Amino acid sequence: RILAQLFKETTPEEARLVAYMTQGRLGPAYRSPDFGVADKQMLKALGPKANELFRKLGDLGLTAEKLKNLNSKNQINTKQLNIKQVYEKLVEIAEAGGAGSQERKIQLVGELVSCLDGRSAKYAVKMILGKLRTGFSDMTVLDALSWMITGDKKLRPAIEGLYNVRA
């Protein structure tokens, strides 16, 4: 129901991105790039206070959220990104390659996290690390689309039929 409500509040293009991102992907499973960012790189991207906090919390997503919440008290103007902008930044991180790409990924992750609120930073970090674990699948998205239209799952078979023709 929550995902259905989110779909109602987005444009069709945003809904497409949300459907992928809630599953920790940037596209269909057969065409979703790997971010190639490890825990140590994420710690560098999150800044000098991240190591100590990560040792206490044991989760880099929570570490990012806590750091953002601590830092938000000191920041007045933080640029807020929309869904498409977050998606584009995630794609840029995933597609960075070649000489110096690891440093570039660290820089891009830092830039992304700096533009997000604490909760958004938590989920972005988990997605980048491949540890999102929302429990959402393609079938969850199909159920949510049915809920969005009818308030229940009765359209799921028809939507799934369309999905099986063009995922």
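I'd like the full set of residues that are surrounded by 15 or more Cβ atoms within 10 Å (Cβ to Cβ), more than 25 Å from the chain's Cα centre (by Cα) and modelled with pLDDT under 95, limited to segment 153-167.
none
Quick check on LYS73: is it over 14 Å from LYS126 (Cα atoms), of a type in the set (Lys, Arg), surrounded by fewer than 13 Cβ atoms within 10 Å (Cβ to Cβ) and modelled with pLDDT of 95 or more?
Judged against the criteria, LYS73 is not a match.
Out of segment 20-45, which residues are among the small types (Gly, Ala, Ser), farther than 23 Å from THR63 by Cβ and open to solvent by 20 Å² or more (accessible area, probe 1.4 Å)?
ALA29, SER32
Are any residues in segment 90-107 open to solvent by 60 Å² or more (accessible area, probe 1.4 Å) and either in contact with a helix residue (DSSP H, G or I) (Cβ under 8 Å, 6 or more places away or on another chain) or of a type in the set (Ser, Thr, Tyr) (or both), and if so, which ones?
Passing the criteria: GLU92, GLN102, GLN107.
Assuming LYS68 fulfils every condition listed in (1) open to solvent by 60 Å² or more (accessible area, probe 1.4 Å); (2) basic (Lys, Arg); (3) modelled with pLDDT under 95; (4) farther than 22 Å from PRO33 by Cβ apart from one, which condition is it?
If we test LYS68 against (1) open to solvent by 60 Å² or more (accessible area, probe 1.4 Å); (2) basic (Lys, Arg); (3) modelled with pLDDT under 95; (4) farther than 22 Å from PRO33 by Cβ, just (1) comes out false.
Given the structure, is SER137 open to solvent by 40 Å² or more (accessible area, probe 1.4 Å) and of a type in the set (Ser, Thr, Tyr)?
Considered against the rule, which asks whether it is open to solvent by 40 Å² or more (accessible area, probe 1.4 Å) and of a type in the set (Ser, Thr, Tyr), SER137 comes out as yes.
Would segment 50-63 turn up any residue that is basic (Lys, Arg) and either farther than 20 Å from LYS126 by Cβ or within 19 Å of the chain's Cα centre (by Cα) (or both)?
No, segment 50-63 contains no residue that is basic (Lys, Arg) and either farther than 20 Å from LYS126 by Cβ or within 19 Å of the chain's Cα centre (by Cα) (or both).
The values are calculated or read from the model by the stated rules, or taken from the named source; none is laboratory data. What you see is a predicted model; the values in this text were computed from it and never measured. When we count neighbours, we look across all protein chains shown, and the Cβ atoms used for this are built from the backbone with ideal geometry, even at glycine. Accessible surface is based on the protein model in full, side chains and every heavy atom, while ligands, DNA and RNA are left aside. Shrake-Rupley method; radii C 1.70, N 1.55, O 1.52, S 1.80 Å.
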